[in-house]
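The values are calculated or read from the model by the stated rules, or taken from the named source; none is laboratory data. Note that the structure is a prediction, hence the values are computed from the model and not measured. For neighbour counting, all protein chains shown are included, and Cβ atoms are generated from backbone atoms with ideal geometry for every residue, glycine included. Areas reflect the complete protein model, heavy atoms only, side chains present, ligands, DNA and RNA absent. Shrake-Rupley method; radii C 1.70, N 1.55, O 1.52, S 1.80 Å.
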Amino acid sequence: HTCAVGGNGAITCWGRNDFGQLGDGATANQGAPAPVVLSQSESVNATAIAAGASHTCALTSDGRIYCWGRGDSGQLGGAAVTAATPNLVAGPPAALAVATGAAHTCALTGDGHVWCWGANDVGQLGNGQGSASSAPAEIAGLGGVSAIAAGASHSCALRTDGSVWCWGGNQS
C-alpha cells in the first residue's frame, strides 16, 4: 500500500487493505487514493506518513502520532489489535519523525531521542529484550539523533555527530 500527505495536511492511501492499513474504516483494496481522517473531534494536519508492511502511521503538525492497520505485534502503539481507522499513540513526547518497519514503529522526539514499539523478535526495538511491546519506550543511551529509518526488521538512527547506529535483524 501507499500513502501521501497533501499540502493541506490531508492524507490519502491506496493499494492493499487486508488489515485496514489504508485507514478508511474498511478492508477492501483501493485502486485510487482514498481519504484518511485522523480525528473526528479536532483539526489535525499531517506532516509526514510512514507505511509499513501492513500498518501505517502519520505524524501531525503538533508532534502527535496516529497509527492504523495490522496491530498484532503492538506496532500501532496500544493494545495489540488491528484497527481500520487511525488511533492516537500514547507515549512519546512531541515527535519530529516517524518510521515503520514490517511490524514495528519508531519515533524521533524533539529532544533527539528515539522511541520504538511493536515486534521485537530480532531486537528491532533496541531495548535489549526479545519480546514485542505495544507501549512506546525510549531507547536508553541513544540521544543526539537527527533522523531515523526502519527496515523490515531493523531500525537506524543518524546522530548529530554524523554516526549511524542500527539495531535489529542483520541477515544480510
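Points worth noting:
- Separation between Cα centres of segment 86-116 and segment 134-172, rounded to whole Å: 11 Å
- Cα Rg over Rh - segment 86-172, Kirkwood: 0.93
- Here the chain has an Rg and Dmax of 15.0, 45 Å, counting Cα atoms alone.
- Three-way shape call for segment 101-152 based on the alpha-carbon gyration tensor, with the a/c threshold at 1.5: prolate
- Compactness of segment 76-125, expressed as Rg and Dmax over alpha-carbon positions, Å: 11.1, 31
- Overall form of segment 1-81 per C-alpha gyration tensor (a/c, 1.5; a/b vs b/c): oblate
- Here the dipole of segment 31-158 is about 160 debye; that uses its Cα centre as origin and unit charges on the Cβ of Lys and Arg (positive) and Asp and Glu (negative).
- For the chain, built as a Gaussian network whose Cα springs stay under 10 Å, the top-fluctuating residue of ALA90, ALA103, ALA149: ALA90
- Of the solvent-accessible surface of the chain, computed with a 1.4 Å probe and all protein chains present, 52% belongs to carbon and sulfur.
- Spacing of the modelled spin labels on ASP111 and ALA53, each 7 Å from Cα toward Cβ, amounts to 3.3 nm.
- Between the beta carbons of THR160 and SER61, assuming R0 = 22 Å, the FRET efficiency works out to 0.40 to the nearest 0.05.
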